[in-house]
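Notes follow once the structure below has been shown.
The values are calculated or read from the model by the stated rules, or taken from the named source; none is laboratory data. None of the values given here were measured: they were computed from a predicted structure. Because the Cβ atoms are built from the backbone with ideal geometry, glycine has one as well, and the counts that use them run over all protein chains shown. Keep in mind that these areas ignore ligands, DNA and RNA; they rest on the heavy atoms of the full protein, side chains included. Shrake-Rupley method; radii C 1.70, N 1.55, O 1.52, S 1.80 Å.
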Amino acid sequence: MPRTVLIVSPYFPPSNLACVHRARHLANHLPAAGWTPIILCVDDRFYEQDPDPLLGSLVSPELEIVRVPALQARMTRRFGIGDLSLRAWSALSSRAADLLSARRIDTVLITGSPFYPMLMSRWIEPKFGVPVVLDFQDPWVSAWGRDQKPLSKAGLSHQLALRLEGPALRKARFVTSVSTRQNEELAARHSWLDASRMAALPIGGDPGDLDLLRAMPDIRRSRLDPAMINLSYVGTALPRSQGLFRVLFKGLAEMRARQPGLAARLRLHFIGTSNQANDSETFSILPLAEAEGVADLVAEIPRRLAYAEALGLMAGSHGLLLVGSDEAHYTASKIYPALLTKRPYLSLFHRLSGAHALLAAAGGGIHFSFTDANGLAGLPQDIATGLERLALDPASLGQSRQDRLEPFSARAIAGRYAAIFDGLR
């Protein structure tokens, strides 16, 4: 019998948020593993971000997509609610119930963020007998949230997450996240979680995405000055990444002291650094560069780029900057498309991060890591040397080994999800 999985993902292309890629990859590659996906998402008319039609073109035209309405953000934000899944809660729940009543669905996968749809696990299997898999692309309960003021909006969201995470997990048949460390933290908070029903599955990357560059070769030259040596960081600058960026800029200042002529030819680009897609005014990187006296070498564009443009910018840069977080669980989804472009890179991640392990195994770049604040503080001189090498002799770094990326390809990750779904029957 055909097997069908309902994938609940409030955001889906043409949204260009990072959270869409899990569902996009699975939608495209699960059929080859014997599973037919149905996507349940919110209609993009209710997204606050500009649409990304080119990213939408990477979705299989044969995919069944069920789109539901949501309350308009301009209405709900008056009451402090902007989360898309809350604005669409009633429509998502109602349509999920309708689909489960009318269709043969063998498994439901709910991926987040946003996380509130995971609460549907409380009634899906008890009512319909269909097992639920919850996929945590980020922590719902995070160290960053814990550090917020208790009565702030972020602090209250954290308290809500603490109370809702457990009930959502109780009725889930299986749990995935992007890293082993994240699973360990989930299990530490909920001692009844069985490790045998958890798996760490990174987002991965799809080599087929590079077809966008072949279709639009000029896209890679945008925003880059051909007279400069362009090193680019593409993606959100997380609050818990600030210490890493400070160390990077200390290394840049050290490099300029050694080689002022090289520094004059160097430009570090930071693109899409805001966590708000349409934000063009919140500069989180330039103040850090100014504090280290290197702001004249740095360009920042807070606004998120369309996926094809971001991919093209990485492919057109002389080198890439891959910067993680001070949290060991953090595994940046952007490292996979970065490695697919085969550009040389300098990376800085926590030593226990899965991203650092993958980058070190794949090669093609310079890898820096740390385990604590003291280790991080000791890196600027080495980073200065690494920046010199990345700028002057990138060929010496070789290229990343694409065979090391195969276990993290969208096809392989979809195959692993298919095996999980098979085990729930």
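Tell me, please, whether a residue that is among the small types (Gly, Ala, Ser), in contact with a strand residue (DSSP E or B) (Cβ under 8 Å, 6 or more places away or on another chain) and closer than 18 Å to residue 368 by Cβ can be found in segment 245-252. No; the residues of segment 245-252 include none that is among the small types (Gly, Ala, Ser), in contact with a strand residue (DSSP E or B) (Cβ under 8 Å, 6 or more places away or on another chain) and closer than 18 Å to residue 368 by Cβ. Against the test of being touching a residue at least 24 places away in the same chain (Cβ under 8 Å), in a loop (DSSP other than H, G, I, E, B) and out of contact with any Cys (no Cβ under 7 Å at 6 or more places or on another chain), the options 104, 122 yield a single qualifying residue, 104.
Just one of (1) over 21 Å from the mean Cα position of the chain (by Cα); (2) open to solvent by less than 10 Å² (accessible area, probe 1.4 Å); (3) modelled with pLDDT under 90 fails for residue 332. It is (1). Annotation: residue 137 fulfils all but one of (1) polar (S, T, N, Q); (2) modelled with pLDDT under 95; (3) farther than 28 Å from residue 269 by Cα; the unmet one is (3). The criterion of being within 30 Å of residue 359 (Cα to Cα), surrounded by 15 or more Cβ atoms within 10 Å (Cβ to Cβ) and out of contact with any Ser or Thr (no Cβ under 9 Å at 6 or more places or on another chain) does not hold for residue 176.
Inspection of segment 175-189 identifies at least one residue that is closer than 24 Å to residue 97 by Cα and over 17 Å from the mean Cα position of the chain (by Cα).
Only helices (runs of 4 or more DSSP H) whose full extent lies in segment 1-88 are considered here, and the ones with at least 2 residues that are of a type in the set (Lys, Arg), open to solvent by less than 10 Å² (accessible area, probe 1.4 Å) and in contact (Cβ under 8 Å) with a residue 24 or more places away in the chain are 20-29. The selection criterion, being aromatic (Phe, Trp, Tyr), open to solvent by 20 Å² or more (accessible area, probe 1.4 Å) and under 30 Å from residue 292 (Cα atoms), holds for residue 368. Being of a type outside the set (Asp, Glu), closer than 23 Å to residue 125 by Cβ and open to solvent by less than 10 Å² (accessible area, probe 1.4 Å) is true of residue 169. Scanning segment 248-265 for residues that are surrounded by fewer than 23 Cβ atoms within 10 Å (Cβ to Cβ) and not basic (Lys, Arg) yields 253, 254, 257, 259, 260, 261, 262, 263, 264. Of note, residue 138 satisfies the criterion of being among the acidic types (Asp, Glu), farther than 19 Å from residue 27 by Cβ and outside any helix (DSSP H, G or I). Of the residues making up segment 121-143, those that are closer than 13 Å to residue 178 by Cα and open to solvent by 10 Å² or more (accessible area, probe 1.4 Å) are 137, 138, 139, 140. Within segment 267-307, the set of residues being without any contact (Cβ under 8 Å) to a residue 60 or more places away in the chain, within 22 Å of the chain's Cα centre (by Cα) and not in a loop (DSSP other than H, G, I, E, B) comprises 268, 269, 270, 271, 300.
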